[in-house]
């Protein structure tokens with residue numbers, strides 16, 4: 001691999017990410033004027049990639065697929081439950097307001 005001054009940041013990324021993207025990223029960095037914003041962006045990308053289940057295993061194992069499904073299910077529940085409660089409260093409040101209008 002090419003010896004690039006920013007290669008140390010790419011070493012922070014998971015192995016699966018580096019196997020797929022490192023050469024392309026090094027080529028982009030050779031064409032880019034590296035600033036402190038570039039360094040921060042690459043560091044944040046390394047953190048995000050470390051938590052991404054796609055890059056936890058280099059071979060895309062069944063465990064990784066299962067982790068993705070669980071993550072999606074949790075995300076759906078965490079989004080759907082508050083929306084369900086909000087809609088329920090709006091409907092109940094709306095029904096109560098309708099009863100008050102009819103009783104007048």
- [ ] For residue 39 paired with residue 51, estimate the spin-label separation in nm (one decimal), with each label point 7 Å from Cα along the Cα-to-Cβ line.
- [x] 2.3
Task: Packing-based order for 79-88, 17-26, using average beta carbon neighbours within 10 Å, highest first - done: 17-26, 79-88
- [ ] Describe numerically, in nm with one decimal, the distance between label points set 7 Å from Cα along Cα→Cβ at residue 15 and at residue 69.
- [x] 2.6
Task: Separation in nanometres of the label points that stand 7 Å from Cα toward Cβ, at residue 92 and residue 77 - done: 2.2
- [ ] Just round it to a whole percent: the fraction of Cα-Cα distances in the stretch 1-59 exceeding 16 Å.
- [x] 40
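FYI, it's all coordinate maths here, none of it is from the lab. The shown structure was predicted, so the numbers you read here are calculated from the model rather than taken from an experiment. Glycine gets a Cβ as well: all are built from the backbone with ideal geometry, and neighbour counts include every protein chain shown.
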